[in-house]
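Since the structure comes first, as structure tokens, the remarks are kept for the end.
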Amino acid sequence: MPVAKVNGVEIEFEPGMTVLQVAEKAGQEIPRFCYHERLSIAGNCRMCLVEVKPGPPKPQASCALPAADGQEIFTDTPMVKKAREGVMEFLLINHPLDCPICDQGGECDLQDQAMAYGRDGSRYAENKRAVEEKNMGPTVKTFMTRCIQCTRCVRFITEVAGVPDIGMISRGEDAEITTYLEKNIDSELSGNVNDLCPVGALTHRPWQFHYRPWELKKTGSIDVMDGLGSNIRVDARGAEVMRVLPRINDAVNEEWLSDISRYVVDGLQRQRLDRPYVRDNGKLRAASWEEALEVVAGRLKAAKPERIGVIAGDLQDAESMKAALDLFRAMGSPNTDCRQDGTALGYGPREGWLFNSGLQGVENADAVLIVGANPRTEAPLLNARLRKAWLTGKTTIGLIGEQADLTFDYSWLGAGSKTLGKLPKAAMDFLARAERPAIIAGAGALTGETGPAVLNALGALARKVGVVKDGWNGFNVLHSAAARVGGLDMGFVPAEGGLSAVDMARKGALDVLFLLGADEIDASATKAFKVYLGSHGDRGAHGADVILPGAAYTEKPGLYVNTEGRVQMAERAVFPKGQAKEDWAILRALSALVGHTLPYDTLDQLRTKLMADHPTFGRIDYLPAPASFDAAALGRKGDLGDTAFHSTVRDTYLNNPIARASATMAELSALRTAPVSMAAE
């Protein structure tokens with residue numbers, strides 16, 4: 001390996017690294033504004049100047065300078081110090097220095113680096129320029145007079161998000177960042193530009209002037225807005241969650257976050273269930289916990305076991321599903337299901353419902369067939385990974401299902417099951433020729449009467465073209481629900497003779513239907529006595545006869561399993577609202593009243609039982625190695641028919657009860673379905 005000296009210390013480095021990367025490997029801090037390790041190199045802020053020998057006798061931008069064997073790099077010479085002070089002086093010529101009112105204050109790279117590397121005064125007395133604010137949509141607030149033209153936002157939107165809505169126009173003093181036609185940023189990842197901006201020119205519009213960073217208590221947790229399990233940091237002040245930011249996890253979400261995961265937090269304060277309710281004479285009235293639980297227990301004890309059922313929702317933690325499963329199985333009910341959308345999954349080997357290649361591993365696939373999914377709406381960060389793989393020029397992508405703008409080129413092969421039944425030769429060839437082919441199956445292909453047959457056909461195709469083989473498993477199921485894999489792993493599916501979620505919701509199927517945070521299934525037809533346990537007054541609560549207020553995902557510790565089978569632990573950031581309790585605790589109290597007391601009194605005891613019954617849940621943040629399995633044995637053979645595949649996520653901004661309570665999500669949804677011009681504030 002080549003060797004360079006950094007301030008006299010020899011450092012080995014990999015070929016292709018830049019001087020900045022070598023210096024940082026040696027432990028030297030290099031200031032920068034435009035450079036970002038996940039974006040292309042721009043080299044336009046000049047803050048990362050260093051002295052390099054051999055080379056010209058002047059400072060050089062280390063971010064754009066390739067490192068070479070035998071190089072000597074100096075990061076703290078008088079020349080470097082003077083050059084950085086000069087660059088900082090230039091950057092501050094037009095900056096308004098409005099730190100006391102800037103939302104970036106306290107988290108501003110410009111503040112920090114001006115203190116560490118700048119001068120204690122300025123030699124410029126000219127008037128500062130002013131730049132008109134821009135309209136970038138509901139998520140981005142602009143103060144373009146602060147902009148230093150680092151172009152991080154331009155590169156992110158163009159390269160990562162794949163939506164070239166931001167760019168730089170003009171030159172010199174007239175240069176400015178703009179959206180060209182005063183349009184909203186049409187991306188599900190737009191909020192990341194606010195994180196990337198180093199100077200406060202772009203800040204989070206929904207949180208404008210709501211807090212100061214040092215006021216917030218920070219808690220690491222897991223996002224539940226989709227099935228990826230993005231790592232997040234929940235920042236709260238008192239009892240209110242003020243914001244959600246991404247945590248770095250290269251294997252899951254890198255350092256990005258989707259807009260719904262980031263800006264849904266205002267929905268945590270609206271339409272909340274904070275006390276129990278019981279329906280009397282057709283109207284809900286507030287009740288005590290004792291009364292509400294007694295009413296539910298009475299109904300459960302009076303009904304026959306086969307006439308009782310429970311449906312788990314998409315945002316549930318593993319602990320609450322385990323408590324519900326144990327309780328209803330103890331009562332003798334076979335009617336348990338976590339699949340509100342009716343997907344044909346949950347039986348056979350675990351690999352049959354996982355994203356087996358892993359989110360990071362899918363970038364290594366050289367041919368990807370997407371079936372019945374829209375990754376841009378169902379999992380925006382997975383879509384960004386597919387775009388990254390496509391940009392290398394080594395990955396070919398095909399699609400069976402709805403045509404949509406996925407931010408990358410793909411071959412549209414057909415609309416649905418008819419195409420899958422007789423796949424075009426070109427499609428077979430592009431998979432068969434690939435060294436690491438992958439299939440991504442979405443819920444849109446696996447629901448309905450043809451779901452089992454489609455699953456079986458996909459498994460047969462996977463075996464035929466070598467999707468599953470030694471060292472590689474490219475058979476992937478994309479889940480959009482955070483709770484789905486955890487529920488399938490613990491067997492939260494109908495027992496022998498049990499009803500599915502769709503069947504439970506039919507008229508006359510049950511006498512008592514327990515909705516555990518289940519809001520995405522239409523249960524209006526059933527005349528069963530309905531009990532809803534959840535955090536928001538949404539669809540599930542509207543027709544309920546008893547409402548038991550539960551905790552939202554930021555208000556309880558819990559285990560979640562993402563679409564690739566990775567078990568992750570969420571932490572409580574704030575306490576539940578009003579009289580609301582953690583879901584598992586409500587079920588534990590109910591179990592005592594129905595005469596089937598659950599064998600755990602604390603969360604630790606519940607987790608011990610969960611991990612003993614299902615060891616998978618004890619492997620926190622562990623990604624299973626690619627395992628071979630007979631994909632052709634999945635589902636069951638049958639007539640594929642001629643069914644068009646449609647994504648089950650029709651509106652990415654309104655796909656759960658928390659999102660539907662959010663004003664920001666409502667605004668984003670309205671702009672997506674009927675774009676309008678929004679005046680810049």
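Restricting the trypsin sites (Lys or Arg not before Pro) of the range 286-330 to loop positions (DSSP other than H, G, I, E, B) with no more than 15 neighbouring Cβ atoms within 10 Å leaves nothing. What's the percent breakdown of Cα-Cα distances in the chain across 10 Å bins, shortest bin first? Spelled out per bin, shortest first, that is 3, 14, 22, 23, 19, 11, 5, 2, 0. Given their separation in residues at 0.36 nm each and the Cα-Cα distance between them, residue 98 and residue 247 gain 50.8 nm when the chain is fully extended.
A viscosity of 1.002 mPa s and a temperature of 20 °C, combined with the Kirkwood radius over C-alpha pairs in the Stokes-Einstein formula, give the range 147-217 a diffusion coefficient of 162 µm²/s.
With the full set of protein chains in place, find how many percent of the accessible area of the range 85-194 is carbon and sulfur; take the probe as 1.4 Å.
Details: 2660 of 5020 Å².
Whole-percent figure for carbon plus sulfur exposure: 53.
Once R0 is set to 30 Å, what does the formula 1/(1 + (r/R0)^6) return for the Cβ-Cβ distance between residue 1 and residue 391, expressed as a FRET efficiency to the nearest 0.05? For R0 = 30 Å, the calculated efficiency reads 0.60.
Using a probe radius of 1.4 Å on heavy atoms only, what accessible surface per residue do you get for the chain? Whole Å² is fine. Can you show the working numbers first?
Details: 26980 Å² over 681 residues.
Computed with neighbouring chains in place, this is 40 Å² per residue.
In a simple Cβ point-charge model (Lys, Arg +1; Asp, Glu -1; nothing else charged), the range 310-390 has a dipole of about 180 debye relative to its Cα centre. With only Cα atoms counted, the range 542-628 has Rg and Dmax values of 15.6, 49 Å.
Take residue 422 and residue 405, extend 7 Å from each Cα along the Cα→Cβ direction, and tell me the distance between the two endpoints in nm. For the pair residue 422/residue 405, the computed spacing is 3.4 nm.
Place the peptides 189-197, 242-250 in order of packing, highest mean first, counting for every residue the other Cβ atoms within 10 Å and averaging per peptide. Walk me through the numbers before you get to the answer.
Details: 189-197: 24.0, 242-250: 17.8.
My ranking of the peptides, most packed first, is 189-197, 242-250.
Considering only protein heavy atoms and a probe of 1.4 Å, how much of the accessible area of the range 452-512 is carbon and sulfur, as a whole percent?
Numbers: 910 of 1950 Å².
Of all accessible area on the range 452-512, carbon and sulfur atoms account for 47 percent.
Just check the range 393-511 against the gyration tensor rule for me: Cα atoms, a ≥ b ≥ c as the square roots of the eigenvalues, rounded for a/c under 1.5, and otherwise prolate or oblate depending on whether a/b exceeds b/c. In terms of gyration-tensor shape, prolate. Across every pair of non-identical alpha carbons in the range 232-376, the mean reciprocal distance, once inverted, gives a Kirkwood radius of 20.0 Å.
Using only DSSP helix segments of four residues or longer, with each worth -39500 (n - 2.57), what per-residue ellipticity at 222 nm results for the chain after dividing by its residue count and rounding to 500?
Numbers: 21 runs with 170 residues, N = 681.
Helices in the chain give a 222 nm mean residue ellipticity of -6500 deg cm²/dmol.
May I ask you to give the percent of accessible area on the range 275-374 that is carbon plus sulfur, with a probe radius of 1.4 Å? Roughly 47 percent of what the probe reaches on the range 275-374 is carbon or sulfur.
Dividing the convex hull volume of the alpha carbon atoms of the range 452-541 by its residue count gives 143 Å³ per residue.
What the phi angles of the range 206-220 give under the Karplus curve with 6.51, -1.76 and 1.60, with θ = phi - 60°, is a coupling list of x, 10, 4, 6, 8, 7, 10, x, 6, 7, 9, 8, 9, 10, x Hz, glycine and proline written as x.
Rounded to 0.05, the FRET efficiency of the residue 613 and residue 133 pair, given R0 = 60 Å and the Cβ-Cβ distance, is 0.60. Taking amide H as placed 1.01 Å from N in the peptide plane, the amide H of residue 439 sits under 5 Å from that of 369, 475, 476, each at least 5 places away or on another chain.
In terms of the mean number of neighbouring beta-carbon atoms within 10 Å, the peptides 129-137, 341-349 order highest first as 341-349, 129-137.
So what is the relative contact order of the chain, in percent, for Cα pairs below 8 Å that sit 6 or more residues apart?
Working: 1526 pairs, mean separation 103.4, N = 681.
Reported as a whole number, the value is 15 percent.
Share of Cα-Cα pairs in the range 189-317 beyond 23 Å, in percent? When every Cα pair of the range 189-317 is considered, 51 percent fall beyond 23 Å.
If DNA, RNA and ligands are ignored and the probe is 1.4 Å, what is the ranking of 587, 623 by accessible area, most exposed first?
Working: 587 0, 623 60 Å².
Final ranking, largest accessible area leading: 623, 587.
Normalising the average separation of contacting C-alpha pairs (under 8 angstrom, six or more residues apart) by the number of residues puts the relative contact order of the range 183-283 at 23 percent.
The values are calculated or read from the model by the stated rules, or taken from the named source; none is laboratory data. These numbers come from a predicted model, not from an experiment. With ideal geometry, Cβ positions are generated from the backbone for all residues, glycine too; neighbour counts draw on all protein chains shown. Note: areas computed on protein heavy atoms with side chains; ligands, DNA, RNA excluded. Shrake-Rupley method; radii C 1.70, N 1.55, O 1.52, S 1.80 Å.
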